[in-house]
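Attaching a single structure in structure tokens format; questions to follow.
Please treat every number below as a calculation from the coordinates, not as lab data. No experiment lies behind these values; they were computed from the predicted model shown. Don't worry about glycine lacking a Cβ; one is built from the backbone with ideal geometry, like all the others, and counts go over all protein chains shown.
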Amino acid sequence: MRVPLEKAGTVAEAQAALRRLLTQREDKSLPTLGQTPKLNEYVRQYFAHYEQAKHEKRASTLISERAHMNAWLKQLGGVRHRQATQPNR
């Protein structure tokens, strides 16, 4: 699982941040990371956001996105968002 390093701009800063994370892991003081939502839940949240922020996207864009997402959800609705966005390895 990847954990972002807080604003590491150089290799030395990234190494120091990694050492802090490793120490926190040993002390068992790292925050608990949960699972990403399933794609159908993520899409529901996505469209709920744009229902509140109507000025951010045109209505026609949202209609098009909703149609495309409904097609994807038929196949991938139960897949976790992270699995749906990762390339095959």
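Please enumerate, by chain and number, the lysines with C-alpha under 23 Å from the C-alpha of residue 7, excluding those fewer than 8 residues away in the same chain.
Correct list for residue 7: 28.
Based on the Cβ-Cβ distance of residue 80 and residue 8, what FRET efficiency does E = 1/(1 + (r/R0)^6) give at R0 = 30 Å, to the nearest 0.05?
Values: r = 27 Å, r/R0 = 0.91.
Between residue 80 and residue 8 the formula returns 0.65.
Here is a further query. Using a simple charge model, +1 on the beta-carbon of Lys and Arg, -1 on the beta-carbon of Asp and Glu, nothing else, what dipole does segment 39-85 show about its Cα centre, in debye to the nearest 20?
Rounded to the nearest 20 debye, it is 60 debye.
From Cα pairs below 8 angstrom and at least 6 apart in sequence, can you work out the relative contact order of the chain, rounded to a whole percent?
34
May I ask which residue of 23, 60, 8 lies farthest towards the positive end of the charge dipole of the chain, with charges of +1 (Lys, Arg) and -1 (Asp, Glu) on Cβ and the Cα centre as origin?
About the Cα centre, the residue reaching furthest to the positive side is 60.
Just to confirm a number: summing +1 for Lys and Arg and -1 for Asp and Glu over residues other than residue 81 whose beta-carbon lies under 12 angstrom from that of residue 81, what do you get?
+3
A further question on this structure: Where a Cα-Cα gap under 19 Å defines reach, which aspartates and glutamates qualify for residue 57, not counting those fewer than 8 residues away within the same chain?
Partners within reach: 65.
How large is the convex hull of the C-alpha atoms of the chain per residue, in Å³? Working shown, then result.
On the way: hull volume 14.6 nm³, N = 89.
Looking at the chain, the number lands at 164 Å³ per residue.
Under 5 Å between amide H atoms, partner at least 5 residues away or on a different chain: which partners does residue 80 have, H built in plane at 1.01 Å?
39
Using a Gaussian network for the chain with springs between C-alpha atoms less than 10 Å apart, which of these wobbles most: 71, 12, 59?
The residue with the greatest mean-square fluctuation here is 12.
In degrees, nearest 10, range 0 to 90: what is the angle between the Cα axis of helix 39-52 and the longest Cα principal axis of the chain?
Tilt of helix 39-52: around 70 degrees.
Also, I was wondering about something else. Counting only other residues whose beta carbon sits under 14 Å from that of residue 42, what net charge do I get with K and R as +1, D and E as -1?
Surrounding charge for residue 42 is +3.
Shifting gears a bit: Rounded, prolate or oblate: pick one for segment 39-85, where a ≥ b ≥ c are the square roots of the eigenvalues of its C-alpha gyration tensor, a/c under 1.5 means rounded, and failing that, prolate if a/b is larger than b/c, else oblate.
prolate
Based on Cβ point charges of +1 for Lys and Arg and -1 for Asp and Glu, what charge dipole magnitude is obtained for the chain about its Cα centre, in debye rounded to the nearest 20?
Using only the charged Cβ atoms, the result is roughly 240 debye.
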